[in-house]
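Encoded as structure tokens, the structure appears first; notes follow it.
Computed from the coordinates by the stated procedures, all read-outs in this text should not be read as laboratory data. The structure presented is a predicted model; accordingly, all values stated were derived computationally and were not measured. In this analysis, Cβ positions are derived from the backbone assuming ideal geometry, glycine residues included, and neighbour counts consider all displayed protein chains.
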Amino acid sequence: MRKAVVPLLAIAGLIFMTAPIIIVRAPYESTMGLVQKVFYFHMPPAMLMLVSAIFCGILSGVFLVKRRPVYDWMAYAAAELTVLYGAMAMVTGPLWARKAWGVWWVWDPRLTLSLLMWMVFVSYLLLRRYGGPGSEILAAGLALFGMATSPFVYLSVNIWRTIHPLTSVVPTLPVDFAFPLWYAFTGFLVLYIALMLLRMSVEQQRAMLDQLYLESEE
Amino acid sequence: MKIIYQSLFLLMNAALLAQPGQSEFKPVTEIPASEQLPSAPLVIAAYAFVWLAFLAYVWVIWRKLGKVEQDLNALSAQVMKKRP
């Protein structure tokens with residue numbers, strides 16, 4: 001598992017180093033100008049935050065049914081990555097909004113729901129860190145709740161009145177905007193997979209350590 | 001005390017009266033450059049944050065992995081010693 005991490009990290013590093021060149025060459029958006037370029041580093045982590053939340057929820061559900069530790073390790077890793085990618089979206093978004101909307105933050109449905117979902121996964125991590133034995137089961141339940149909020153986050157811009165761009169923006173992007181976006185998205189995705197594998201190997205090693213402790217005590 | 005306040009009030013009014021009033025408002029089609037919020041620092045800050053967050057996370061995970069592996073090696077050596 002860990003053998004794949006280094007090449008994946010190298011690929012992601014290469015994409016991240018070349019992405020700014022491609023992004024700089026992309027055309028300016030007519031109303032937002034230069035600041036719209038934050039989009040290429042805002043939308044991919046935001047989208048992967050949602051995907052990761054769903055992934056974490058599904059794995060937690062499977063763990064609750066089957067009780068195999070491997071599903072728990074994966075869910076734990078996915079929850080951490082949901083928080084990491086969510087933090088990126090939460091920081092890059094206000095930097096973009098400050099110029100585009102004139103404010104750092106508005107209590108818009110998309111922003112508010114994203115923050116709530118992010119806080120659910122922060123709670124998951126806090127529960128895992130300080131919850132003691134059995135916290136993985138409680139946390140799995142929390143992850144299901146977190147997953148349930150993700151469709152609302154995605155559809156919020158279409159359901160409620162909002163100043164956030166709609167979901168129709170990405171599928172209708174001209175090629176000049178779409179290519180840098182999906183290039184950057186690939187980098188974020190490759191890095192997600194690499195970090196997931198790395199994080200899982202930590203949990204795997206920890207499980208082996210616990211097993212050895214038990215053996216040494218016997 | 002009342003006299004002091006009154007004197008201060010009169011002094012402040014005198015200072016305000018001394019400034020020339022704006023006689024007209026001039027229209028401009030664009031906000032002056034000094035008033036515009038520059039985009040470049042916001043874009044750079046966004047990109048820098050993403051880079052720093054990734055580097056910090058990779059560093060934390062790598063450290064955790066190193067620590068667990070160290071503990072694992074130490075404990076396996078201990079267990080091997082105990083075995084007859």
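Starting from the coordinates of the alpha-carbon atoms of the protein assembly as shown, obtain the Kirkwood hydrodynamic radius over all distinct pairs and give the value in Å to one decimal.
Values: mean 1/r = 0.0440 Å⁻¹.
About 22.7 Å, per the Kirkwood formula over Cα pairs.
Just rank A:T92, A:T18, fewest to most, by other beta-carbon atoms within 10 angstrom. Intermediate results must be reported in sequence, preceding the final value.
Details: A:T92 27, A:T18 13.
The most exposed by this proxy come first: A:T18, A:T92.
Would you mind classifying the stretch A:1-54 by shape? Square roots of the alpha carbon gyration tensor eigenvalues, ordered a ≥ b ≥ c; an a/c under 1.5 is rounded, otherwise it is prolate if a/b is larger than b/c and oblate if not.
Values: a/c = 5.44, a/b = 1.60, b/c = 3.41.
Taking the square roots of the gyration eigenvalues as a ≥ b ≥ c, the stretch A:1-54 is oblate.
Angle, helix A:109-130 long axis vs. longest principal axis of chain A, Cα atoms, 0 to 90°, nearest 10?
Approximately 20 degrees, to the nearest 10.
How much net charge surrounds A:V62 when only the other residues with a Cβ under 15 Å from the Cβ of A:V62 are counted, with Lys and Arg +1 and Asp and Glu -1? Each step should come with its number before you reach the end.
Numbers: positive: A:K66, A:R67, A:R68; negative: A:D72, A:E136.
With Lys, Arg at +1 and Asp, Glu at -1, the net is +1.
Take every Cα pair under 8 Å in chain A that's 6+ residues apart, average their separations, divide by the length, and report that relative contact order as a whole percent. Present the calculation step by step, with values, prior to reporting the outcome.
On the way: 234 pairs, mean separation 74.5, N = 218.
The value is 34 percent.
How large is log10 of I(q)/I(0) for the stretch A:58-169 at q = 0.15, 0.17, 0.22 Å⁻¹ when the intensity is taken from the Debye formula with one equal scatterer per alpha-carbon?
Here the Debye-derived log intensity ratios amount to -0.69, -0.82, -1.13.
Tilt of helix A:69-100 relative to the longest C-alpha principal axis of chain A, in degrees (0 to 90, nearest 10)?
With both axes taken from Cα atoms, the answer is about 20 degrees.
List A:M119, A:M200, A:M32 from most exposed to least, where exposure is judged by having the fewest other Cβ atoms within 10 Å.
On the way: A:M119 13, A:M200 19, A:M32 16.
Neighbour counts put them in this order, fewest first: A:M119, A:M32, A:M200.
Tell me, B:S7, B:S23, A:S52, A:S150 in order of fewest to most beta-carbon neighbours within 10 Å? Don't skip to the end; give the middle numbers.
Numbers: B:S7 10, B:S23 5, A:S52 27, A:S150 22.
Ranked by crowding around the Cβ, least crowded first: B:S23, B:S7, A:S150, A:S52.
Roughly how tilted is helix A:135-159, in degrees to the nearest 10 and between 0 and 90, from the longest Cα axis of chain A?
20 degrees
Can you quote the Å³ per residue value for the convex hull of the Cα atoms in the stretch B:41-84, rounded to an integer? The partial results should precede the final answer.
Values: hull volume 1.2 nm³, N = 44.
Per-residue hull volume (Cα only) is 27 Å³.
Long-range amide H contacts for A:E29: which residues qualify at under 5 Å (H placed 1.01 Å from N, peptide plane, sequence gap of 5 or more or a different chain)?
Those qualifying (amide H under 5 Å, at least 5 residues apart or on another chain) are A:Q36.
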